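Take a look at the structure set out below.
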Amino acid sequence: MQQLIERFTAGFKMAPAVAAQAPGRLEVLGNHTDYNEGFVLSCAVGQTTGFVLAPVAGSRCVIRDFRDNAEMSFDLSALDRNPPRNGSKYIIGMLKELRERGFKPFAFVAGLESKVPLSAGMSSSAALEVACGLAFSHVAGFDISPAELARAGQGVENNFLGLKTGLLDQFSSLFGKKDSIIMSDFRSVEVVGTHALPSGYVFVVINSMKKHTLVDSDYNIRRQDCENAAKILSGIYPGSRTLRDITPEQLAEAGKYLSDREFRRAAHVTGECARVKQAAGLLSKGDVQGFGELLFASHLSSVENFENSSEELDILVDIARHDPACLGARLSGGGFGGITIHLVKADEAADYAGRVRKEYLKRTGIEAEVFICSLGDGAKIIK
Ligand code: GLA
């Protein structure tokens, strides 16, 4: 962050008024449960996005991305137009969402730097939304709760970019806790538990390098499938509203009222909610083996029920299954490409990552990107 502040100051010949930082996130367990008002285990990662800014006169906003010194600029009138193609769309979208909540947008110059890998499934876009949202509201003295700021970030995706994602990414970026996995309830929208990652284990993130472009993917269709299934089930189980209200047993009983596809989508979500609760119990007992098995089970359900895996992701999880250093692995995030997370003994993590990369290259011809993740704190204002 210090470096970003210095670069900003040298580049714009002024000091920033605020510096904010927001991490990427890992979905540990609980796939596509957030928009079904279910449960998720997630964490913030050590990789963060920094956003510094100073207000200026006029209506022109300039953002320098210090990863490549590229400059993006827009006029405040862009808030009322279609999103541009570059990364400023997240910033414009956030200004717009905040404006809807009573904030008055102002012109600014900003500097941006990020270590969160792009389009991989670690929520680089949510990190940017949260970092800039924090910075804007701080400078303006605009009072917004962290949960509402997360909703504003979700609004950028839902309303501005047309992607019907849930609240997981922005929420985890804001509420993550160092060295911890948080359990969140997306009905009450709160953190309901915190678990230490079992000591001696780390998450290794292995990027399949097949980009998932969620907008172009079946994400919105998956959400629609879930909502259709929930609607039918609410007729059978009065009082139930979303798939969160349905247990795997209830689903099995009502299976005949759903199409095969709706049934499998619902089986994934109800199964994931049950696995999250089970995992929380196992983590409390320190049963790391059992916890790892649930990660594998989650991946299998993605393959069989939710159909949001890919050939590359399946190869990575298959390699994991055959390596004794790994206790569990699964795709993480939206799916359809992106990353896998692997629960691995810490002292074997580097060797493990090397082995998986080698085998993955052999089987696919693709050089995977690997991160041994530390679990970081949630977003904050630094200055
Ligand atoms: C993406 C979305 C999240 C969540 C996950 C799947 O990351 O942005 O809201 O739905 O996929 O769990």
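The values are calculated or read from the model by the stated rules, or taken from the named source; none is laboratory data. Computed from a predicted model, the values in this text were never measured in an experiment. Note: ideal-geometry Cβ built from the backbone for every residue, glycine included; neighbour counts use all protein chains shown. The accessibility values were calculated without ligands, DNA or RNA, using every heavy atom of the protein model including side chains. Shrake-Rupley method; radii C 1.70, N 1.55, O 1.52, S 1.80 Å.
Starting from the amide H of Leu163, placed 1.01 Å from N in the peptide plane, find each other amide H under 5 Å away whose residue is 5 or more places distant or on another chain.
HN-HN under 5 Å from Leu163: Asn158.
Report the calculated FRET efficiency for Ser259 and Asp318 (r = Cβ-Cβ distance, R0 = 30 Å), to the nearest 0.05. Walk me through the numbers on the way to the answer.
Numbers: r = 30 Å, r/R0 = 0.99.
Computed FRET efficiency for Ser259 and Asp318 comes out at 0.50.
Calculate, for Gln278 and Arg241, the FRET efficiency according to 1/(1 + (r/R0)^6) with r their C-beta to C-beta distance and R0 22 Å; round to the nearest 0.05. Provide the component values of the computation, followed by the final result.
Numbers: r = 23 Å, r/R0 = 1.04.
Step by step, r from the Cβ atoms, then E = 0.45.
May I ask which of Lys358/Lys380; Lys178/Lys383; Lys177/Lys285; Lys104/Lys380 have a Cα-Cα span longer than 29 Å here? Could the numbers behind the result be given before it?
Values: Lys358/Lys380 38 Å; Lys178/Lys383 20 Å; Lys177/Lys285 20 Å; Lys104/Lys380 21 Å.
As for pairs spanning more than 29 Å Cα to Cα, those are Lys358/Lys380.
How far apart, in nanometres, would the label points at Lys115 and Ala252 be if each is projected 7 angstrom from Cα along the Cα-to-Cβ direction?
Modelled inter-label distance: 4.6 nm.
List, in order, the whole-Hz ³J(HN,Hα) value for each residue of region 42-49 obtained from phi through the Karplus relation with A = 6.51, B = -1.76, C = 1.60 and θ = phi - 60°; use x for Gly and Pro.
8, 8, 8, 9, x, 6, 10, 10
Can you tell me how region 229-284 classifies by the Cα gyration tensor, rounded, prolate or oblate, using a/c under 1.5 as the rounded cut? Please list the in-between numbers first.
Values: a/c = 2.71, a/b = 1.86, b/c = 1.46.
It is prolate, given that a/c is not under 1.5 and a/b is the larger ratio.
Which angle from 0 to 90°, rounded to the nearest 10, does the C-alpha axis of helix 349-364 make with the longest principal axis of the chain?
Tilt of helix 349-364: around 80 degrees.
Residue-wise, which Karplus ³J(HN,Hα) couplings in Hz belong to region 308-317, taking 6.51 cos²θ - 1.76 cosθ + 1.60, θ = phi - 60°, and x for glycine or proline?
Each residue's phi maps through the Karplus curve to give 10, 9, 8, 4, 5, 4, 5, 5, 4, 6 Hz.
Give me the dipole magnitude in Debye, nearest 20, for the chain about the Cα centre, with unit charges on the beta carbon: positive for Lys and Arg, negative for Asp and Glu. The partial results should precede the final answer.
On the way: 43 positive and 46 negative charges, 160 e Å.
The calculation lands at about 760 debye.
How would you rank 152-161, 176-185, highest first, on the average number of other Cβ atoms within 10 Å across their residues? Can you show the working numbers first?
On the way: 152-161: 22.4, 176-185: 19.5.
Result, highest mean first: 152-161, 176-185.
Out of the total accessible area of region 241-380 (probe 1.4 Å, heavy atoms of protein only), what percent is carbon and sulfur? All intermediate terms of the calculation are to be shown ahead of the outcome.
Values: 2850 of 5900 Å².
Taking all protein chains in place, region 241-380 shows 48 percent carbon and sulfur surface.
Rounded to whole Hz and in sequence order, give me ³J(HN,Hα) for region 370-383 from the Karplus expression 6.51 cos²θ - 1.76 cosθ + 1.60, θ = phi - 60°, writing x for Gly and Pro.
Rounded to whole hertz, the list is 10, 10, 8, 8, 9, 9, x, 7, x, 5, 7, 8, 9, 9.
Could you give the semi-axes, largest first, of the ellipsoid that matches region 99-228, computed as the square roots of 5 times the alpha carbon gyration tensor eigenvalues and rounded to whole Å?
25, 20, 18
Mind grabbing the accessible area of Glu348 for me, 1.4 Å probe, Å², rounded to tens?
Rounded to the nearest 10, that gives 70 Å².
Starting with the highest mean, order 44-50, 238-244 by the number of other Cβ atoms within 10 Å, averaged over the residues of each peptide.
Values: 44-50: 23.9, 238-244: 15.6.
The peptides rank, most packed first, as 44-50, 238-244.
Quick one: which residues, 5+ away or cross-chain, put their amide H under 5 Å from the amide H of Gly193? H built at 1.01 Å from N.
Met183
Output the peptides 84-92, 284-292, 334-342 sorted from most to least packed, where packing is the average of other Cβ atoms within 10 Å over each peptide's residues.
Details: 84-92: 18.7, 284-292: 16.1, 334-342: 27.2.
Per-residue Cβ counts within 10 Å, averaged per peptide and sorted highest first, yield 334-342, 84-92, 284-292.
Tell me which of Asn220, Ala266, Val276 sits at the most positive position along the dipole axis of the chain, charges placed on C-beta atoms (Lys, Arg +1; Asp, Glu -1).
Asn220
Work the Kirkwood hydrodynamic radius out for the chain: mean of 1/r over every pair of different alpha-carbon atoms, inverted, in Å.
Working: mean 1/r = 0.0471 Å⁻¹.
Its Kirkwood hydrodynamic radius stands at 21.3 Å.
Using modelled backbone amide H atoms (1.01 Å from N, in-plane), which distant-in-sequence or interchain residues come within less than 5 Å of Val56's amide H?
Ala107, Phe108, Val109
Quick one: Cα centre-to-centre distance for region 179-239 and region 307-366, in angstrom?
19 Å
All other residues with a Cβ under 12 Å from the Cβ of Phe136 taken together, and with Lys, Arg as +1 and Asp, Glu as -1, what is their net charge?
Values: positive: Lys96, Arg99, Arg101, Lys104; negative: Glu97, Glu129.
Result for the local shell: +2.
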